[in-house]
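A quick write-up on the structure given underneath.
No lab work stands behind these numbers, since they all come straight from the coordinates. All values derive from a computational prediction rather than experimental measurement. Counting neighbours? That spans all protein chains shown, and the Cβs are built from the backbone with ideal geometry, glycine included.
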Amino acid sequence: MKFEFSAGGIVFKRGTKQESSILILLAQHSQHHGWVFPKGLIGDTVKGEKKETTAVREVEEETGIKAKILKPLEHISYWYFHEGEKRKKTVYYFLMEFLEDTKKRDLEMEAIAWLPIEDVEQRLTYPSDKKVWVEAQKLLKN
């Protein structure tokens, strides 16, 4: 059994007058095609990297979006199998505010989308993302 630790972000931005007042960033994974919040392994690029730094870096690498952390969210954990090995992953998510779109992203995500709050839950693929979304949604509505 292996343990993994990741960090990522639930990024929001203010919409235009024609759009919802708040839009949420989702990404579609290139391998499994699921819609998720961007995240990545802590310390896979920089040894000793803090989870906050990983979250900001991974959001930008996977989506091209620069964002700043506003608040940590409750972490989530789940089990999955990879190459026949059982793994437990813990993900530290942060509520993040959009700063800019660099238009540069890696190929890990095949698509990104900005969705109105009311459309996010139905687009998310995995229960773990839906769970953390409940907490983030409450914060955004306040």
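Taking Lys and Arg as +1 and Asp and Glu as -1, the other residues whose beta-carbon sits under 12 Å from that of residue 49 total +1. The sum of -39500 (n - 2.57) across all DSSP H runs of n ≥ 4, divided by the residue count of the chain, sets its helix-only mean residue ellipticity at 222 nm to -7500 deg cm²/dmol. For the stretch 57-110 and the stretch 39-55, what is the separation of their Cα centres, given in Å? Here the two parts' Cα centres lie 10 Å apart. For residue 99, the residues whose amide H sits under 5 Å from its own are 66, 67, 68, ignoring neighbours fewer than 5 places away on the same chain, with H placed 1.01 Å from N.
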